[in-house]
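Step one of this worksheet: look at the structure below.
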Amino acid sequence: MFQTFQFDPQAAAEEALRFNQKLAQGLATLRTVEDVQYGCTDKEAIYSQDKLVLYRFKGEQAPTAKIPTLIVYALVNRPYMVDLQENRSLVRNLLARGEDLYLIDWGYPDRSDRWLTLDDYINGYIDNCVQEICRRHDLPAINVLGICQGGAFSICYSALHPQRVRNLITMVTPVDFHTDDNMLAHWTRSMDVDLYVDTLGNVPADLMNASYLMLKPYRLHLQKYVGLVDILDDKDELENFLRMEKWIFDSPDLAGEAFRQFIKDFYQANKLITGGLEIGGQPVDPLAITMPVLNIFAEQDHLVPPSASRPLGGIIGTEDYTELAFSGGHIGIYVSGRAQKQVPGAIHDWLAARGG
């Protein structure tokens, strides 16, 4: 049986009229929108090396936390996602609870960075930042909060330098790169990464962005822009949309050699799970991670599904391991209203219970 399609010309005409009215109102709104700003929290540069800058955030009140926390972001996007705007800021909410926060800004690699390795990033840049914070606070160790790829780096750093890490927090961090529901991992499994890097040198940001958007082509290429029409006449919502778009497409190129190593050792060989991972000639043994660990993942994450993150608890040596499942996606865990109510408080309470 075939259902008859009912077409109401009057309803269609009214919908077209409303659509045109929205567009007209949107054009008026767009004329009032200036270049959107991001990074709502004051911060001070306290250390730099090559393209890297280490920042310390300035809260409205002095921090009460005894141990500062270093945020280690991924290389593939800019780190201001954690401090996007006043009502969508993980940083702002943690500062309000008394945490003392530092952040690594990796900058924008150029051709001079083509040969940077994972050893340079982990045993070089991250370790230098940790030591600088330890020196400033006269402490032997600090807290480390690693995000996405930065979480994988933080796991490696904590295994190689456990004496420098008081507490480890990972957010939407891939650990098992061979889970069935990880589409990105499937795409890279048979990739000729040597040909890729030898041809391109540094990996272009636009190429990486295109790959991420193709994970959900309808949602990320079409649906969100159709939905944009509904908010064109709302300046605040429009600015929120533009701010997010700016972050998505404000991506650095990736240092070629580090990209080669990360794809081979993590995505293809899955060495965090199977073993045999070495950074700078040093074996990375997750069992050396004996400090407390909080692993936060997003239940609807299409980039790092929970199945890729949960295995962390089974490979590390600590007896103090905690998981926090957040109902949301890879980006929503930082910017959604639900996340602002749940995640900063959970991190603060977990650290406070461990003297952090």
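For the stretch 208-225, what are the residues that are touching a residue at least 24 places away in the same chain (Cβ under 8 Å) and not in a helix (DSSP H, G or I)?
Matches in the stretch 208-225: L215, K216.
When the residues of the stretch 294-307 are narrowed to those that are closer than 19 Å to D349 by Cβ and out of contact with any Gly (no Cβ under 8 Å at 6 or more places or on another chain), which ends up surrounded by the fewest Cβ atoms within 10 Å (Cβ to Cβ)?
Ranking the qualifying residues of the stretch 294-307, first place goes to L294.
Which of the following residues is under 21 Å from L139 (Cβ atoms) and out of contact with any Lys or Arg (no Cβ under 7 Å at 6 or more places or on another chain): A28, A24, A45?
The match here is A45.
So which of M191, M244 is among the hydrophobic types (A, V, I, L, M, F, W, C), in contact (Cβ under 8 Å) with a residue 60 or more places away in the chain and in a helix (DSSP H, G or I)?
It is M244.
If only one of Y225, Y196, Y157 is surrounded by 18 or more Cβ atoms within 10 Å (Cβ to Cβ) and either modelled with pLDDT under 80 or among the hydroxyl-bearing types (S, T, Y) (or both), which one is it?
Just one listed residue meets the conditions, Y157.
If you check every pair at least six apart or on different chains, which have Cβ atoms under 9 Å apart with a residue in the stretch 76-93 that is under 12 Å from D105 (Cα atoms) first and a residue that is of a type in the set (D, E, K, R) and assigned to a loop (DSSP other than H, G, I, E, B) second?
Hits for this filter: N77/D250; R78/D250; Y80/D250.
Quick one: count up the residues across the stretch 47-82 that are surrounded by 19 or more Cβ atoms within 10 Å (Cβ to Cβ), in contact with a Cys (Cβ under 8 Å, 6 or more places away or on another chain) and outside any loop (DSSP other than H, G, I, E, B).
Counting residues in the stretch 47-82 that are surrounded by 19 or more Cβ atoms within 10 Å (Cβ to Cβ), in contact with a Cys (Cβ under 8 Å, 6 or more places away or on another chain) and outside any loop (DSSP other than H, G, I, E, B) gives 2.
Among the residues of the stretch 279-296, are any closer than 24 Å to N123 by Cα, out of contact with any helix residue (DSSP H, G or I) (no Cβ under 9 Å at 6 or more places or on another chain) and assigned to a helix (DSSP H, G or I)?
No, the stretch 279-296 contains no residue that is closer than 24 Å to N123 by Cα, out of contact with any helix residue (DSSP H, G or I) (no Cβ under 9 Å at 6 or more places or on another chain) and assigned to a helix (DSSP H, G or I).
I'd like the full set of residues that are surrounded by 21 or more Cβ atoms within 10 Å (Cβ to Cβ) and of a type outside the set (D, E), limited to the stretch 94-114.
Scanning the stretch 94-114 gives L94, L95, L101, Y102, L103, I104, W106, P109.
Looking only at residues in the stretch 337-349 that are crowded, with 18+ Cβ neighbours inside 10 Å and in contact with a Gly (Cβ under 8 Å, 6 or more places away or on another chain), which one is nearest to V284 (Cα to Cα)?
My answer is H348.
I'd like the full set of residues that are in a strand (DSSP E or B) and either closer than 24 Å to S190 by Cα or touching a Phe, Trp or Tyr at 6+ places or on another chain (Cβ under 8 Å) (or both), limited to the stretch 143-166.
Selection gives V144, G146, I147, V165.
Restrict the check to the stretch 309-326 and report whether at least one residue is assigned to a loop (DSSP other than H, G, I, E, B), over 16 Å from M171 (Cβ atoms) and of a type in the set (G, A, S).
Yes, some residue in the stretch 309-326 is assigned to a loop (DSSP other than H, G, I, E, B), over 16 Å from M171 (Cβ atoms) and of a type in the set (G, A, S).
Does N128 count as outside any loop (DSSP other than H, G, I, E, B), touching a residue at least 24 places away in the same chain (Cβ under 8 Å) and more than 19 Å from the chain's Cα centre (by Cα)?
Against the criterion (outside any loop (DSSP other than H, G, I, E, B), touching a residue at least 24 places away in the same chain (Cβ under 8 Å) and more than 19 Å from the chain's Cα centre (by Cα)), N128 qualifies.
Give the residue that is surrounded by the fewest Cβ atoms within 10 Å (Cβ to Cβ), with candidates limited to residues of the stretch 115-124 that are touching an Asp or Glu at 6+ places or on another chain (Cβ under 7 Å) and of a type outside the set (S, T, N, Q).
That would be W115.
For the stretch 105-129, name all the residues that are acidic (D, E) and in contact with a helix residue (DSSP H, G or I) (Cβ under 9 Å, 6 or more places away or on another chain).
Correct list: D105, D113, D119, D120, D127.
Can you pull out the residues in the stretch 226-241 that are more than 19 Å from G329 (Cα to Cα) and in a helix (DSSP H, G or I)?
Within the stretch 226-241, V226, L228, V229, D230, I231, K235, D236, E237, L238, E239 meet the criteria.
I'd like to check something: does the stretch 158-168 contain any residue that is of a type in the set (K, R) and either out of contact with any helix residue (DSSP H, G or I) (no Cβ under 6 Å at 6 or more places or on another chain) or under 17 Å from D301 (Cβ atoms) (or both)?
Yes: one or more hits.
The values are calculated or read from the model by the stated rules, or taken from the named source; none is laboratory data. All figures in this text were calculated on a predicted structure; none of them were measured in a lab. Note that each Cβ is placed from the backbone with ideal geometry, even for glycine, and that neighbours are counted across all protein chains shown.
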